[in-house]
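No value in this document is a laboratory result; all are computed from the given coordinates. All of these numbers come straight from a predicted model, not from anything done at the bench. Positions of Cβ are generated from backbone atoms using ideal geometry, with glycine treated the same way; all protein chains shown enter the neighbour counts.
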Ligand SMILES: CCCCC/C=C\C/C=C\CCCCCCCC(=O)SCCNC(=O)CCNC(=O)[C@H](O)C(C)(C)COP(=O)(O)OP(=O)(O)OC[C@H]1O[C@@H](n2cnc3c(N)ncnc32)[C@H](O)[C@@H]1OP(=O)(O)O
Ligand SMILES: NC(=O)C1=CN([C@@H]2O[C@H](COP(=O)(O)OP(=O)(O)OC[C@H]3O[C@@H](n4cnc5c(N)ncnc54)[C@H](OP(=O)(O)O)[C@@H]3O)[C@@H](O)[C@H]2O)C=CC1
């Protein structure tokens, strides 16, 4: 408990601080009785509702529950039809995914436990049929709310609809559930990124969500777009803003439901489970590794000394399941995932991008990181825009459609949106997470491990890069020799290009003017003297 706050405790053990934040004290420091079941025992016979099960984290959650809690009764997943695919088709495709190979091996009939419920979260009542509402009300014991829009450029109205209003509606549904034991909400460690130090508390919302929802209702999209920067104020995007509002909305239910909030930082590929390096998207670091590995991203603004608060997805899911188990018995765990234990510099991450080369790289992977805006702009010009222009010129001359400049414009937009997070760092408290770890049995600590102090970061990043190659880009590992050969070709092209450039500069600028020649000879002789001096001094020291 922070000493500078004067706090008064309410009936649920939640403390209301005078600054409007809410935190836990005795609940989280209390010990769990020995009689409490292990995590797998707790989930045995339980019916679980999951939103966002088709997403990156949702899939890992479904897989882990089925594999490590084999006695779980049923997983109800809210799914919408999408991109011309019915709900059923989407779920059956999802279950064919490589991620489920281990579960499939253990129990080929695992899919029978998955019960899809048609739902569009942006619709009134989440568009769940009355029959399904009745079914869910009668049987659900635990809710995991993962669904969200995680786009940084989402229009405010849509982000509010999905991240806040849908959360409210899900909470209303949760109230109707007769046997609900825990409601776990997945937030983000960056919901309060406008603060430098973030405690395990729910901070007062930037605006009362109800008032915002009411005001945006009558505004057209243009007006909302115009006022968005004023509304989000010192937050970088609508994502972090609406996730902060959602936390507040969830917290409002603390007296009536057993609520748990998880705040993962930057979620990356799996560390160990179900196998190392599993990843299925371009978000955050994955996109950076891919763009760097393809030789497209050559410069990025980031703080080299900052902590890359990266956390493997399997660690987040293990923590989430442990939080579900704990919350069902106690009232609230508000934990940031333990990424801050994992100090790992941006530079280490960047360098790894070049191993296990990706196919058909545009240039040799060599991404540099600088915290200086002007230096970054210089490298963008020299290493991004100039090669893109030349490449597009070649495409035009050969009768093809230019495309490189368009790719770079998209890259710059994406990198620009990440810059806020890559150029600063934050301090988080994660005491509740340590407390939770201390409550696990030795067996659970192994099965639901979320202690990243055991993680070997270089090895993890290498597996991460391999994962992006295999599972995001669908490239074959057997093509690596060809990819290396391609990189050698690119190196030779670069040497040839540089030589031609020097000859060109010599012919056009230096050979034609006496003064330029004198300067050139002066610079060359200076370099020569320096070289001789260093050679002589190194001979002396030897
Ligand atoms: C040099 C090494 C440096 C090492 C530093 C390492 C890491 C630092 C980097 C990041 C720090 C991240 C901090 C995140 C903190 C917050 C964590 C969270 O809480 S939530 C999760 C984070 N959310 C995101 O990351 C989402 C960000 N993405 C977006 O907002 C949008 O995708 C976008 C960037 C605005 C781009 O939008 P756009 O409409 O232009 O594209 P789409 O997303 O619709 O994609 C279209 C199409 O392109 C594919 N795609 C997307 N990104 C890439 C990419 N980088 N490279 C190649 N292709 C990409 C995408 O899959 C779509 O394909 P398809 O149409 O076939 O589906
Ligand atoms: N990834 C990360 O780095 C981090 C993520 N988080 C949080 O974790 C949670 C999960 O993130 P992640 O798995 O990466 O996100 P994804 O984008 O991979 O998944 C989002 C999920 O939400 C579902 N969804 C979105 N819109 C709707 C809708 N209108 N109706 C029904 N379902 C919808 C998606 O379904 P569909 O497949 O139909 O689109 C999908 O299943 C989010 O709450 C996010 O804020 C927190 C910190 C970091």
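A few remarks follow.
- Relative contact order (%) - criterion: Cα under 8 Å, at least six apart; region: the chain: 15 percent
- Residues of region 502-517 falling in the label zone of residue 525, defined by backbone nitrogen less than 17 Å from a point 7 Å along Cα to beta-carbon, are 514-517.
- With all pairs of separate Cα atoms included, region 481-541 yields a Kirkwood hydrodynamic radius of 14.6 Å.
- Inter-label distance, residue 223 to residue 304: 5.0 nm, where each label sits 7 Å from its Cα along the C-beta direction.
- Full-stretch length increase - residue 454, residue 386 - with 0.36 nm per residue and alpha-carbon distance subtracted: 20.1 nm
- Using the rule -39500 (n - 2.57) for each DSSP H run of four or more residues, divided by the residues of the chain, the 222 nm mean residue ellipticity is -14000 deg cm²/dmol.
- Histogrammed with a bin width of 10 Å, the alpha carbon distances of the chain distribute as 3, 16, 25, 24, 15, 8, 5, 3, 1, 0 percent, first bin at zero.
- Residue ranges 93-106, 136-149, 499-512 sort as 136-149, 93-106, 499-512 when ordered by packing (mean number of other C-beta atoms within 10 Å per residue, highest first).
- Cα-based helix-to-principal-axis angle, 404-422 vs the chain, degrees rounded to 10: 60 degrees
- Residues 466, 77 arranged by fewest to most Cβ contacts within 10 Å: 466, 77
- Sorted into 10 angstrom bins from 0, the C-alpha pair distances of region 145-291 split as 10, 37, 33, 17, 3 percent.
- The packing ranking of peptides 410-421, 221-232, highest mean first, is 410-421, 221-232, where packing means the average number of other beta carbon atoms within 10 angstrom of each residue.
- Based on Cα atoms of region 367-470, Rg over Rh with Rh as the Kirkwood radius reads 1.19.
- Straightening the chain between residue 134 and residue 112 buys 5.9 nm, computed as 0.36 nm per residue apart minus the Cα-Cα spacing.
- A convex hull fitted around the alpha carbon atoms of region 59-215 yields 162 Å³ per residue.
- Multiplying the residue separation of residue 536 and residue 377 by 0.36 nm and subtracting their alpha-carbon distance yields 53.3 nm.
- Peptide ranges 269-275, 365-371 listed from the most packed, as the mean C-beta count within 10 angstrom indicates: 269-275, 365-371
- For region 233-333: rounded, prolate or oblate by the Cα gyration tensor [a/c cutoff 1.5]: oblate
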